[in-house]
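Working notes, beginning with the structure itself.
Since every read-out is calculated from the coordinates, none of them should be taken as a lab result. From a predicted model like this one, the values you see are computed outputs, not experimental measurements. Positions of Cβ are generated from backbone atoms using ideal geometry, with glycine treated the same way; all protein chains shown enter the neighbour counts.
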Amino acid sequence: MENSTQVKFFYLFGLKETFNNKSVFFILSLITYLLIITVNLTLIITIIQEKGLHEPMYIFLCSLCVNGLYGTAGFYPKILLDLQSDVQVISYGGCLTQAYVIYTSVLCEISTLTVMSYDRYVAICRPLLYHTIVTSLTVRKLLLFSWCYPLFIALIVVSLAVRIPLCGSRIDKIFCDIPSMLKHACLPITINPILNKCIIVIHVLQLLFIVFSYCQIVRNCVKSAKGRIKFTQTCVPHLITMVISVTVTLFDTLQGWNSSVNITLNMRNAMAVQFLVIPPVLNPVIYGLNLQQIRRAVFRKCNAHKIIDMKR
């Protein structure tokens, strides 16, 4: 009984209040997904091709964009299919896979933002030691941490969920997540909530580290006009991204584990998809518009393509 489940499919009821406007939501979702792919790929390709951007800050930014594409790939293809179907159904394995991808992406977003705050702290508060501390080996280790830790934690969460027999198949959301699945557990569960609290503690520690880093950065930057300019150009985009990511993730996490929250289904959907819409779109846009090196590289490539097209 512990290693099997009575559920083969899950029914997603998150779209039941949007049946009359499914074509509108399909168009909006398609446009949003295409926009996410375009802006993130543009930034990734620009950073990869421009040798002048092969620095830690831009490498971590590239990782953030890759994570945006990874996380949204677990959501948008499925929701686009559901918006064209009368019944929204997903297999047990597909539900676990979607939950794993989205959960991994959220964890990776927070870990990458933590790594980026450390990089900015060393660059601004320890500039003379920056290249000694943030070496190519250090960058690789930080990238491994920002990806391997979320993949490992998410694997444990999903593995524990698989062992729990389920007696229901209704999910009142537009995508799968572990809390929604475990609401149908046939047996009392204790390990999963404890693990969830441990993960929240880790995230709080990461956020405290980010806050500490930026307190040190602000204290260092206010001393000179040059420091204030550097802070505005490289740190403000990171702070905006961090606040948005943490806020929208917190909304969905609290709603997922607290079923007593009395909000409408449409409002719940809006809260649930914010971290799959706002950060993937705004991350590359915010950084692309604020970092001069990236902005110049993108404009240079656009002009080069125009010249080639004119010659043809």
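The modelled label-to-label distance between residue 211 and residue 197, using points 7 Å beyond Cα along the C-beta direction, is 2.1 nm. The packing ranking of peptides 189-200, 66-77, highest mean first, is 66-77, 189-200, where packing means the average number of other beta carbon atoms within 10 angstrom of each residue.
Do the alpha carbons of any pairs in 51/78; 8/197; 141/223; 22/173; 16/78; 51/223 sit beyond 26 Å of each other, and which pairs?
Table pairs above 26 Å Cα-Cα are 51/78; 8/197; 141/223; 51/223.
Measuring nothing but how far apart in sequence close Cα pairs (under 8 Å, 6+ apart) lie, relative to its length, the stretch 1-143 scores a relative contact order of 32 percent.
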